[in-house]
Every structure is written in structure tokens, then in C-alpha cells.
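The values are calculated or read from the model by the stated rules, or taken from the named source; none is laboratory data. Note that the structure is predicted; figures quoted are calculated from it, not measured. Cβ placement follows ideal geometry from the backbone for every residue including glycine, while neighbour counts extend to all protein chains displayed.
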Amino acid sequence: MKINRTLIISIIIFLCLICLIISGIGYFYFANQPPNRLSDSGYYIRITKVYYYPGFGLSEPFEIAGAHISTFEILDETHQYAKDINHVYFQGVIIPEADSQTFSVLNENYNCAVDANHAYQRDNIIPNFDPTTIPPNATVTYCSPDEILFTP
């Protein structure tokens, strides 16, 4: 009778361990997958990968290769801009000239941003604009590929 009881307890413990191992493997597999086609558009930070999804029905989610996960941060509520220690991204694509250390979003409604060297509308540099001319606490009221307007 004792052998049967010990055997049953051992089998139960073994089955519990198998379930725990399978659920752990499943978690790490599914937690690293890209968002599905019904997800909201934007950035998705997974365990070892970062994805950008342009939106429902527009295209497939894609991995942002080389993104530094531990420093990756989304910069605006519309999920257009993000940065990590090495790069700045607009809609999942690197902005080559952007300085990730000084980059900030000025107005997300106009997709207007700035770093120490340039001002940007979306991922394009606004020519002939010196970002040091923006007064402290200024509010951007308009941003286009050619100009930025702000109120002091």
C-alpha cells in the first residue's frame, strides 16, 4: 500500500514538473512573437526583439533589427517615434542623422521633433532651421517639411 502511495505521489510530481517546463517554453516562445494583425499600430517590445506594426490591414509587423532592447523607449503617445542608446526611429525605421542622446518630440500631432543638430518633420530634416533658436518652454503650433512655428 505504501509503495502505491509513493508511486502515485511521484507520478503527480513528475506530471507537474512536465507541465511547468512546457508552460515555460510556451511563454518564452509566444512572448517573443510579433504582434498579430488585429493589434494596434506601434512599437512592441518583446523579450529579445522589438517590432513595429504600421497598423491593421496596412502591412505585416516587422522586426527592428539591431534595436537595443534594454534602452529602447517609445517617445510619443501616437507610437511614431522611439529611440534606443544608438538610434532614433520613426515608424520603425532609423533616422540616420538623428542623435539619440538629445532627441525629443516637440509636437506629436505634427510629427515634429528636434535634437542638438537638426529639427525634423517626420523623419526628414527641416532645412535652414537651427534648433538652438527655440526658446525654452516654447510650444510648437505648426511643423512642416520647411518650417516650425512656435509660441514663446
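Looking only at the range 108-127, residues that are surrounded by fewer than 17 Cβ atoms within 10 Å (Cβ to Cβ) and at pLDDT below 90 come to 2 in all. The single condition among (1) within 30 Å of residue 151 (Cβ to Cβ); (2) exposed (fewer than 14 other Cβ atoms within 10 Å of the Cβ); (3) in contact with a Ser or Thr (Cβ under 6 Å, 6 or more places away or on another chain) that residue 88 does not meet is (2). The requirement of being touching a residue at least 40 places away in the same chain (Cβ under 8 Å) and assigned to a loop (DSSP other than H, G, I, E, B) is fulfilled nowhere in the range 60-78; no residue meets it.
Restricting 117, 128, 124, 107 to residues that are assigned by TED's automatic domain parsing to the domain that holds residue 79 and without any contact (Cβ under 8 Å) to a residue 12 or more places away in the chain narrows the list to 128.
Of the candidates 52, 89, the single residue that is touching a Lys or Arg at 6+ places or on another chain (Cβ under 9 Å), assigned to a strand (DSSP E or B), under 30 Å from residue 117 (Cα atoms) and in contact (Cβ under 8 Å) with a residue 12 or more places away in the chain is 89.
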